[in-house]
Amino acid sequence: MTELLTLRDTATRLGWPVGKLRRLAKTGRVPCVRIERRYYFRAADMDAWVTKHTVVIQAPAAPRLDEDFTVEAGAFAKTFR
């Protein structure tokens, strides 16, 4: 038999506010089981859901330090004189 986590336990495990997780459960956006008025979550289902919905953002490339921007900066500064 699979262990079910409570709403509060799942929110704590994910580091989310309880209200946010409840809202997602009510709208059917996260996998859950509803027993009477309470929501329960399977740990494996939530791990899979988080993995599926994780977005990896890559940082932009750092500017090259060997370029000389002084000519552009000088021309830019003259526009304010």
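Only the coordinates and a few stated rules stand behind these numbers; no lab work does. Keep in mind the model is a prediction, meaning the values are calculated, not measured. With ideal geometry, Cβ positions are generated from the backbone for all residues, glycine too; neighbour counts draw on all protein chains shown.
Within the shell defined by Cβ-Cβ distances under 13 Å, the residues around Arg38 carry a net charge of +3, with Lys and Arg each +1 and Asp and Glu each -1. Rounded to the nearest 20, the Cβ-based charge dipole of region 4-52 about its Cα centre (Lys and Arg +1, Asp and Glu -1) stands at 260 debye. In region 4-52, Rg over Rh equals 0.91, where Rg is the alpha-carbon radius of gyration and Rh the Kirkwood radius from pairwise Cα distances.
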